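First, the structure itself, so that you have it in front of you.
The values are calculated or read from the model by the stated rules, or taken from the named source; none is laboratory data. Predicted model, so just to flag it, every value in this text is computed and none were measured. Positions of Cβ are backbone-derived with ideal geometry, glycine not excepted, and every protein chain shown enters the neighbour counts. Heavy atoms of the whole protein, side chains included, go into the accessibility calculation; ligands, DNA and RNA do not. Shrake-Rupley method; radii C 1.70, N 1.55, O 1.52, S 1.80 Å.
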Amino acid sequence: MFKNAKNAAFIIAVISAVAVTAVICIFVIANGGGKLTYKADYYYICYRIADNSVSASSLSETASSYGGAGYVITHDGNYYATVSCYYSENDADGVCSSLKRRGLDCSVLKISTDKFKLKTRSARKNAELYAGNLNTLNSLSLLAYECANALDLGNYNQSKAKDVASALKSGLNGLLRANENNCFTDRLENLVDICDDKCDGYIYSKDMRYIQIAVTDVIINAEIY
């Protein structure tokens, strides 16, 4: 019963957010200076911070019990157990404040992308492909995000959620076919496995949020070589 109450608190917080649909501006440019410019902002609501993976795993379980994603992001040497991710600072702050009022110890972590160094000749050769990868991954993250919100609001049933899951898998597998042996391959294979795992059976909003954040993790921690 307590778990259900916590899940309800998260859903109420999401419904109370100012905007449900994200607006995001991204610029992707492969330039002659050996860098790929990709500008995007992601706002993660995090349930505490850990300095090791063992502690992060425990925090992840707690975040999930509240109805959050529970995905662990590494950033600047720390581990963050995430509850959700937004593309607008106002949305993130609004949900975070609502969750705090309901007793969840959380904060907003903003991670921005800018320039990715093209470390090798192969990376420079594939710059256009990699730029397309980042754009497509962002689009897939938005698809999962919007599905999660729709599930929370009661606008999507399981049939619709399964349709979105199928679209996500199709998009990821398409990327994987286009990136069979490069710096994106392993991360894309992992995303396909995550999608299969989270969409096997009944799909909850937190499952879609987990997928969403896993996809954005590939973007923010991309190493292009």
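Of (1) at pLDDT 95 or above; (2) touching a Phe, Trp or Tyr at 6+ places or on another chain (Cβ under 7 Å), residue 120 satisfies all except one. Which?
(1)
Counting only residues that are hydroxyl-bearing (Ser, Thr, Tyr) and either open to solvent by less than 20 Å² (accessible area, probe 1.4 Å) or within 16 Å of the chain's Cα centre (by Cα) (or both), how many does region 211-225 have?
First, the residues of region 211-225 that are hydroxyl-bearing (Ser, Thr, Tyr): 216, 225.
Now restrict to residues that are either open to solvent by less than 20 Å² (accessible area, probe 1.4 Å) or within 16 Å of the chain's Cα centre (by Cα) (or both): 216.
Here the count works out to 1.
May I ask you to list the residues in region 66-106 that are of a type outside the set (A, V, I, L, M), in a strand (DSSP E or B), touching a Lys or Arg at 6+ places or on another chain (Cβ under 8 Å) and more than 12 Å from residue 217 (Cα to Cα)?
Within region 66-106, 84 is the sole residue that qualifies.
Looking at 162, 117, 169 in this structure, which one is under 22 Å from residue 42 (Cα atoms) and not aromatic (Phe, Trp, Tyr)? Talk me through it step by step, then tell me what you get.
Numbers: 162 fails: under 22 Å from residue 42 (Cα atoms); 169 fails: under 22 Å from residue 42 (Cα atoms).
The match here is 117.
Could you check region 88-114 and list, in sequence order, the residues that are in contact with a Cys (Cβ under 8 Å, 6 or more places away or on another chain) and of a type in the set (D, E, K, R)?
Scanning region 88-114 gives a single hit, 100.
Within region 69-87, is there a residue that is out of contact with any strand residue (DSSP E or B) (no Cβ under 8 Å at 6 or more places or on another chain) and within 27 Å of residue 134 (Cβ to Cβ)? Steps first, answer last, please.
Just the residues of region 69-87 that are out of contact with any strand residue (DSSP E or B) (no Cβ under 8 Å at 6 or more places or on another chain), to begin with: 76-77.
With within 27 Å of residue 134 (Cβ to Cβ) added as a condition, the list becomes 76-77.
The answer is yes, given that some residue of region 69-87 is out of contact with any strand residue (DSSP E or B) (no Cβ under 8 Å at 6 or more places or on another chain) and within 27 Å of residue 134 (Cβ to Cβ).
If I go through region 192-225 residue by residue, how many of them are free of Cβ contacts under 8 Å to residues at least 40 places away in the same chain and within 15 Å of residue 129 (Cα to Cα)?
So the count comes out to 0.
Which of the residues that make up region 46-65 are open to solvent by 10 Å² or more (accessible area, probe 1.4 Å) and not in a helix (DSSP H, G or I)? Show your work before the answer.
Keep residues of region 46-65 that are open to solvent by 10 Å² or more (accessible area, probe 1.4 Å), which gives 47-49, 51-55, 57-62, 64-65.
Once the filter is applied, which keeps residues that are open to solvent by 10 Å² or more (accessible area, probe 1.4 Å) and not in a helix (DSSP H, G or I), region 46-65 yields 47, 48, 49, 51, 52.
Also: Taking into account only those residues within region 107-160 that are farther than 30 Å from residue 78 by Cβ, outside any helix (DSSP H, G or I) and of a type in the set (S, T, N, Q), which is least open to solvent (accessible area, probe 1.4 Å)? Show your work before the answer.
Step one: list which residues in region 107-160 are farther than 30 Å from residue 78 by Cβ, which gives 121-122, 124-129, 132, 150, 153-160.
In the following step, the residues that additionally are outside any helix (DSSP H, G or I) were identified as 126, 154-157.
With of a type in the set (S, T, N, Q) added as a condition, the list becomes 126, 155, 157.
Numbers: 126: 43, 155: 109, 157: 95 Å².
Here the residue is 126.
Moving to a separate point now. Spot the failing condition for residue 208; the list is (1) within 21 Å of residue 116 (Cα to Cα); (2) crowded, with 17+ Cβ neighbours inside 10 Å, and only one is missed.
The failed condition is (1).
Also, I was wondering about something else. Quick check on residue 189: is it in contact (Cβ under 8 Å) with a residue 60 or more places away in the chain, in a helix (DSSP H, G or I) and open to solvent by 70 Å² or more (accessible area, probe 1.4 Å)? Walk me through it before giving the result.
Working: in contact (Cβ under 8 Å) with a residue 60 or more places away in the chain: no; in a helix (DSSP H, G or I): yes; open to solvent by 70 Å² or more (accessible area, probe 1.4 Å): yes.
Criteria not met by residue 189.
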